[in-house]
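Novice: Can you keep this structure in mind? I'll have questions shortly.
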Amino acid sequence: MNILVANWTWYPSGGDWTYVDNITTLYREKGHTVIPFSMKDDRNFPSPWSRFFIENIDYKKIDKKSISAGLQVVKKSIYSTEAKQNLERLLDEIKIDLAHINVIHHYITPVILKTLKDRGIPILWTLHEYTPICPESTFISHGKICEKCFGGAFYHCATNKCKKGSLPASIVAATENYVHNFLNYYQYVDHYLCPSMFLYDKFRSFNFFPEKLVQLYHGYQYNEVEAVQMTSAEIKEERYIVFVGRLEKIKGAHTVLKALTDLPDIHLKVVGTGTQEKELQDYATTNQMTNVTFMGKQSKKQTLEIINGAEFLICPSEWYEVLGFTVVEAMALGKPVIGSDIGAIPEMVINGETGILFAPGNAPELSEKIRALFNDQEAILSMGKKAKKHIHQIINTEKHFSGLQKLIPSL
């Protein structure tokens, strides 16, 4: 089969790319041909189909001061005529048997769904965030969980300035949702793949095409994880814990730092960058936290090696985490996880079994649980073994492909 895989980037850009990379590898291993459809970028992996990619859209132009610049971006970010035309040219050149959609909002846009359906192409869409039911995409408004847009009341995004605290950006986000719902492009998708029970239940509760929602955990190629485990030294030179992720408020790194202020003897390594990076570094400096090391951005291999050397990983997210490949990788490395009791995290972190849960944003509780686990080597080892077994059971490539075959038998 020729499978079109659509995603806003064709380079490593977060959890969505981890899935895209894994699914394209899987399709190729099964003998299928993958045709990418994305946005032009110097960081993209080379592809003979990149001539059909759309021009790069800089969504950052929609800021608090520039409504006119924002309106220019709106034309492309809500309804991309370019994406529609480029896709039609691509489809004229090669027969596509299946389309697998990933993150396309704001860039490629759902306009391509009708183009695909007009050609009789089956469409799968893996949901990586909540944009169809939440204009802000994360159910976060000014740092707190918000579901005011329930029932299609998207105007709340604008009145509350949910998108980056910016009225123009929030108006665009709300308008985008109204337009897509009015045009009803979502009806053309055959199946929506939900990577977690939490996301599946959330979309059902919003009555988003419940008959088309399918709960199917991601697959994952564990080769790199296994390679790191085989080559890493057995003897640890130091004991530490680790946070891996974007340094944004919704990811909760600030809560970890607050928790560590009372634990000067426990060393934390922070892997990642983001808009909160300087604020976190300043906090560590102000509080004389010599037990925190900011590692910045690391390669995939380096990140896995850092996780592998840690006692356990902290996942302190404060939003409805869809799945979290960082947790998957840590558990696959045999590491327990202390995670927030929110979103899909509890589906991986089974409290007292594969790790420990704590209330999101509760630094004192997190501090207490870090201390207790760090001082219990037996629990670390026991939970780590269970974590590895559990994650291989639910995040399993063959199970994922089997689930896809039930939906698309010709796979």
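The values are calculated or read from the model by the stated rules, or taken from the named source; none is laboratory data. Quantities reported herein were computed from a predicted structural model and do not represent experimental measurements. Cβ placement follows ideal geometry from the backbone for every residue including glycine, while neighbour counts extend to all protein chains displayed. Ligands, DNA and RNA are stripped out before the accessible areas are found, and what is left, the full protein with its side chains, is counted by its heavy atoms. Shrake-Rupley method; radii C 1.70, N 1.55, O 1.52, S 1.80 Å.
Novice: Among (1) within 22 Å of residue 196 (Cβ to Cβ); (2) touching a Ser or Thr at 6+ places or on another chain (Cβ under 7 Å), there is one condition residue 366 misses while meeting the rest; what is its number?
Specialist: It fails just one condition, (1).
Novice: Filter the stretch 179-212 down to the residues that are in contact with a Phe, Trp or Tyr (Cβ under 8 Å, 6 or more places away or on another chain) and among the aromatic types (Phe, Trp, Tyr) and list them by number.
Specialist: 186, 192, 198, 203, 206, 208, 209
Novice: Residue 147 versus (1) surrounded by 19 or more Cβ atoms within 10 Å (Cβ to Cβ); (2) within 30 Å of residue 394 (Cα to Cα): which is the lone unmet condition?
Specialist: Residue 147 satisfies every listed condition except (1).
Novice: Being out of contact with any Ser or Thr (no Cβ under 6 Å at 6 or more places or on another chain) and either under 21 Å from residue 7 (Cα atoms) or without any contact (Cβ under 8 Å) to a residue 40 or more places away in the chain (or both) is true for just one of 126, 109. Which residue is that?
Specialist: Only one candidate qualifies: 126.
Novice: Name the pairs whose Cβ atoms lie under 6 Å apart, with the first residue in the stretch 377-397 and assigned to a helix (DSSP H, G or I), the second open to solvent by 40 Å² or more (accessible area, probe 1.4 Å), and 6 or more positions between them or separate chains?
Specialist: Qualifying pairs under 6 Å: 386/353; 394/217.
Novice: I need the full set of residues from the stretch 190-221 which are modelled with pLDDT under 95 and open to solvent by 20 Å² or more (accessible area, probe 1.4 Å), in order please.
Specialist: 221
Novice: Check residue 323 against each of (1) open to solvent by 20 Å² or more (accessible area, probe 1.4 Å); (2) modelled with pLDDT under 95 and name the one condition it does not meet.
Specialist: (1)
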